[in-house]
Amino acid sequence: GVAKSNLPSGTYIPFLYNRGASSVLNANFGQDSSFAGAETRQNNSDGNGYGDFYYAPPSGYLALCTQNLATELSPTIDDGSQYFNTVTYSGTGATRSITGLGFSPDWTWIKERNNAVSHRLFDSVRGATKRMFSNNSDAESTATNSLTSFDSDGFSLGDSGSVNGGSDTYVAWNWRGSDSSAVSNTDGSITSTVSANTTSGFSIVTYTGNGSDNSTIGHGLGATPSAIILKRRSQADDWAMYHTGLTSGKEINLNYTNAEKTDVNNATWGDNYPSSINSSTFAVGYAGDSNENSATYVAYCFAEIQGYSKFGSYTGNGTDNDGPMVYLGFKPSFLLVKNFSNTGEWGMFDSKRNTFNVVNARLSADSDGAEYSGDSNRDFDFLSNGFKVRNGSADVFNTSGQTHIYMAFAEHPFVSSKGVPTTAR
């Protein structure tokens with residue numbers, strides 16, 4: 001046919017249609033200019049010096065190859081397991097160490113898989129034996145026989161049945177912090193204590209409330225958080241959560257299945273939420289769940305890192321076995337997902353409990369329930385560049401027309417900084 005030029009700007013998806021059985025279609029995305037048949041090879045490359053085209057590509061248009069993908073995607077972390085890692089283990093009922101993480105974790109989230117037992121959340125800033133429960137509003141408590149220390153390659157456990165019961169099975173999700181002691185942060189009007197890893201976009205923040213509306217707290221990330229999980233430690237209160245995918249002015253609770261809700265009088269996140277969340281601080285109001293005078297708090301803050309973490313949303317289509325494909329730019333190792341338009345669980349999935357597709361071993365952050373994998377309406381595929389929702393119309397993760405938020409962390413980027421593509425599962 002006739003070559004076209006001066007096309008409107010925008011994103012174009014190649015489409016090839018073979019009308020006759022004897023027809024042959026040749027597409028050159030930069031791999032070989034000899035496809036032009038008898039014409040002489042011209043050996044034109046793109047602006048980055050890649051590809052073999054008969055006609056030189058227009059300025060700014062690149063050959064489809066892993067080197068260009070690496071340049072465009074610019075991943076900064078080639079191995080996600082250096083900053084987030086999941087480990088599964090069986091309990092012994094005796095003091096022991098869990099190793100093999102590849103780093104010293106600063107936040108460890110443990111859930112017993114085979115029984116209905118509350119989630120246990122520990123971090124290095126509050127102290128190893130200090131636990132909280134994602135599925136309820138309880139205050140922080142101390143358990144000297146649970147997680148007893150954060151170690152160079154994992155963590156140590158006592159004989160508590162909630163984290164190390166004989167013959168019970170467990171999963172632990174682990175995030176790496178600053179690799180050093182937490183430091184004082186005076187960026188906000190309230191001084192905070194922070195363990196921040198700016199490479200992976202994760203920080204643990206503790207502070208004491210002052211009761212003053214619109215107070216600000218330094219998070220140490222140097223980038224604007226896309227998600228913040230906040231909990232009062234000193235008294236029982238709900239888990240307050242900010243997520244970039246929520247409707248402006250709305251909040252959601254990690255320990256409930258409820259939909260997003262209005263932050264009444266902006267009491268939790270302050271009057272200027274969400275614009276008050278910036279590269280150095282986040283704001284809080286005057287409510288008990290975020291800033292009561294003399295109360296103590298912890299916040300887990302996440303900034304999005306290209307090729308390693310993603311915090312976004314998707315709209316369900318209600319189609320059985322063919323829900324949305326969500327592009328992340330990496331192969332996920334962990335996924336937390338919630339329908340925020342309506343009631344629904346906080347589903348937790350990972351690549352260690354399901355080592356191949358489909359991914360259906362489900363725990364719920366809002367529930368103490370045991371792991372469940374028998375419901376085909378809770379299925380996902382983990383892909384080389386994102387995840388595919390396999391659930392149907394009866395599922396809370398693919399409700400037609402409703403919006404679902406997610407948090408995802410990478411096993412590997414789609415293409416590494418050296419141009420090496422990751423494998424599919």
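The values are calculated or read from the model by the stated rules, or taken from the named source; none is laboratory data. In this text, all values refer to a predicted model and were calculated from it rather than measured experimentally. We place every Cβ from the backbone using ideal geometry, glycine too, and count neighbours over all the protein chains shown. The protein model used for the area step is the full one, side chains on, heavy atoms only, and it has no ligands, DNA or RNA in it. Shrake-Rupley method; radii C 1.70, N 1.55, O 1.52, S 1.80 Å.
If you take the alpha carbon atoms of the chain and fit the smallest convex hull around them, that volume is 168 Å³ per residue. Positive contributions from Lys and Arg (+1) and negative ones from Asp and Glu (-1), summed over other residues with Cβ under 9 Å from the Cβ of Gly165, come out at -3. Judged by the mean number of other Cβ atoms found within 10 Å, the most tightly packed of the peptides 329-336, 157-164, 69-76 leads the ranking 329-336, 157-164, 69-76. Using the Cα gyration tensor of the stretch 327-378, with a ≥ b ≥ c the square roots of its eigenvalues, what is the shape: rounded (a/c below 1.5), prolate (a/b larger than b/c) or oblate (neither)? Judged from the Cα gyration tensor, the stretch 327-378 comes out oblate (a/c at least 1.5, b/c at or above a/b).
In the chain, the portion of solvent-accessible area held by carbon and sulfur atoms comes to 45 percent [1.4 Å probe, whole percent, DNA, RNA and ligands not counted]. For Thr315, the shell of other residues with beta-carbons less than 15 Å away shows a net charge of -1, using +1 for Lys and Arg and -1 for Asp and Glu.
Within the straight-line cut-off of under 29 Å between alpha carbons, the lysines reachable from Lys250 are Lys111, Lys231, Lys261, Lys310, Lys338, Lys388, sequence neighbours fewer than 8 places apart in one chain being disregarded.
Report note on the peptides 96-106, 257-267: ranked by the mean count of other C-beta atoms within 10 Å, highest first, their order is 96-106, 257-267. Measuring nothing but how far apart in sequence close Cα pairs (under 8 Å, 6+ apart) lie, relative to its length, the stretch 243-287 scores a relative contact order of 30 percent.
In terms of packing, defined here as the mean over residues of other Cβ atoms within 10 angstrom, the peptides 285-297, 175-187 line up highest first as 285-297, 175-187. Once C-alpha pairs closer than 8 Å and six or more residues apart are averaged by separation and normalised to the residue number of the chain, the relative contact order reads 15 percent. Distance distribution P(r), the stretch 296-425, all Cα-Cα pairs, bin width 5 angstrom from 0: 2, 11, 20, 24, 20, 13, 6, 3, 1, 0 percent.
Classify the stretch 89-166: rounded, prolate or oblate, from the alpha-carbon gyration tensor (a ≥ b ≥ c, eigenvalue square roots; a/c under 1.5 rounded; otherwise prolate if a/b is larger than b/c)? Oblate shape, in that a/c is at least 1.5 and b/c is the bigger or equal ratio.
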